[in-house]
Amino acid sequence: MKKIAVLGAGLCGATAAAALTQQGYQVTVFDKGRVAGGRMSSKRTEQGYLDMGAQYFTARSDAFKRQVKLWLDAGKVELWPCKTALLSNDEGFISLKASEDTQARFIGVPSMQSPVTALLDGIPQVNSCRIQKLDYQQQSWTLFNDEGVSYTGFDAIILTLPPVQAQQLVAHSALPELFGSADDVLEPCWAVAMHTDAMPAQDAIFCQHPKLRFISHQQHKAGRSSCYILHFNAVFSGLYLDESAQFWFAEAIAILRQELHIQQEIRPLVAHRWLYASQNDQSAAPGLIALPNLKLWAGGDWSFGGRVENAYLAGLNLANALIEQDKSQQETP
Ligand code: FAD
Ligand code: NAI
């Protein structure tokens, strides 16, 4: 195997692409987005970057700790000096309580996608390219995008799309199903950015709230302007999935006034809908998926439980699975 197509330029795809490139493979990365980053994306605005996806990441495994150290040394990542709190729900009575801990939390600088773009440095990328169909003929893959453009001559494919999108792609390509049920793996999240002049005592508020999952304030994040990002929980996001930005701004304002007692003017900035955001706690993480006869592997944060670190580990494991199979085929007489 020489030429590899990696679908998805989130952290998982970027990690797989970097690991394969290091081993001498010719890798091309395709993504439907304009820039790499996937769910580690900050939106560039006149007010500075707004982290609409992942807010921070933690590092528990040795492999990811080593990678984080490289990013820290290269200035792509910094520690987030965040003060934490809990918006607790005591039989319907909601109150904000300090909830300090010693967990190291990291952010990309100047934006969340910086570590992803650093991994992809020098690797050919095709952006704004939604792959709609795959075709495997005579041991060679061809990819077709939604404008009918084709990319041909790949020996293997690594898919790092969210499960529903990966399943749609293989169904459209008449390939074997990857998941029994892809619908339950990742759940939605509406993310809303709001500006106020308030400088709160806390930066990271974990929420036990009927509507919210997390509130972040960007005041101590390098490169960002000082504003709030609210993440609505999967149930509430799902109930009002197709509502307009105006609906979400109104919800966010009401919460900032009611729960955080913000009195200053609140200015809505951005509302973003993530259809496939976070792992459903009720469904087991499916692990990596391999169709070795077709030289196709699939994985993502969802393989091991949706966190940034797990996207990285899935990327490493996908690359290793491909390399192992390649080696074993070379050794077979
Ligand atoms: P993705 O980043 O989703 O990458 C998949 C890529 O595939 C995307 O770039 C997409 O554009 C591309 N794609 C999809 N379909 C196609 C197609 N047909 N053709 C081409 N490209 C395609 N994790 C944490 O650890 N800490 C947090 O604080 C945190 N907060 C979060 C908050 C939100 C709102 C969200 C949405 C996620 C959060 N996460 C957090 C989870 C974290 O962002 C993910 O675990 C991680 O970024 C997933 O990386 P990935 O590469 O597996 O997938
Ligand atoms: P972590 O260790 O900071 O948090 C893990 C979980 O522990 C939190 O979700 C929270 O429930 C609890 N927790 C941690 N510190 C706390 C504190 N000081 N007070 C109260 N509760 C605390 O980070 P880890 O394990 O790396 O998890 C990643 C984070 O990403 C989680 O917070 C998760 O909710 C979030 N995430 C959000 C998504 C979304 O759609 N909004 C999607 C995927 C992940």
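The values are calculated or read from the model by the stated rules, or taken from the named source; none is laboratory data. Not measured: the values here are computed from a predicted model. Every residue, glycine among them, receives a Cβ derived from its backbone with ideal geometry; neighbour counts consider all protein chains shown. Note: accessible area is taken over every heavy atom of the protein model, side chains too, but ligands, DNA and RNA are not part of it. Shrake-Rupley method; radii C 1.70, N 1.55, O 1.52, S 1.80 Å.
A few remarks follow.
- Antiparallel %, DSSP beta bridges [both residues in region 69-212], to 5: 85 percent
- Over all other residues within a Cβ to Cβ distance under 14 Å of Y312, the charged ones net out to +4, with Lys and Arg as +1 and Asp and Glu as -1.
- Ligands, DNA and RNA are left out, and with a 1.4 angstrom probe the accessible area of the chain is 46 Å² per residue.
- Local electrostatic count at K32 - Lys and Arg +1, Asp and Glu -1, tallied over other residues with Cβ under 11 Å: 0
- Charged-residue dipole, Cβ positions (Lys, Arg, Asp, Glu), region 1-133 about Cα centre, Debye nearest 20: 660 debye
- Applying a DSSP loop filter and a limit of 11 other Cβ atoms within 10 Å to the trypsin sites (Lys or Arg not before Pro) in region 199-295 leaves nothing.
- Separation of alpha-carbon centers, region 128-203 and region 64-97, rounded to whole Å: 28 Å
- Net dipole in debye of the chain [+1 Lys, Arg Cβ; -1 Asp, Glu Cβ; about Cα centre; nearest 20]: 660 debye
- Fluctuation leader among F30, F214, F93 - the chain, Gaussian network, Cα springs under 10 angstrom: F93
- Dipole-positive endmost among A17, A250, L269 within the chain (Cβ charges, Cα centre): A17
- Protein accessible area in region 186-270, 1.4 Å probe - carbon and sulfur %: 52 percent
- Positive-end ranking of Q137, A118, N89 along the dipole of region 64-155, with charges on Cβ about the Cα centre, is headed by A118.
- With a cut-off of 15 Å between beta carbons, the residues surrounding A166 carry a summed charge of -1, where Lys and Arg count +1 and Asp and Glu -1.
- Share, in percent, of DSSP beta bridges within the chain that are antiparallel, nearest 5: 70 percent
- Helix-only [θ]222 nm of the chain, DSSP H runs n ≥ 4, -39500 (n - 2.57) each, per residue, nearest 500: -8000 deg cm²/dmol
- Relative contact order for region 7-102, counting Cα pairs under 8 Å that sit 6 or more residues apart, in percent: 15 percent
- Structural descriptor for the chain: relative contact order 22 percent, calculated from alpha carbon pairs under 8 angstrom and at least 6 residues apart.
- Among P268, P115, P163, the largest mean-square fluctuation in a Gaussian network model of the chain, built with springs joining Cα atoms closer than 10 Å, belongs to P268.
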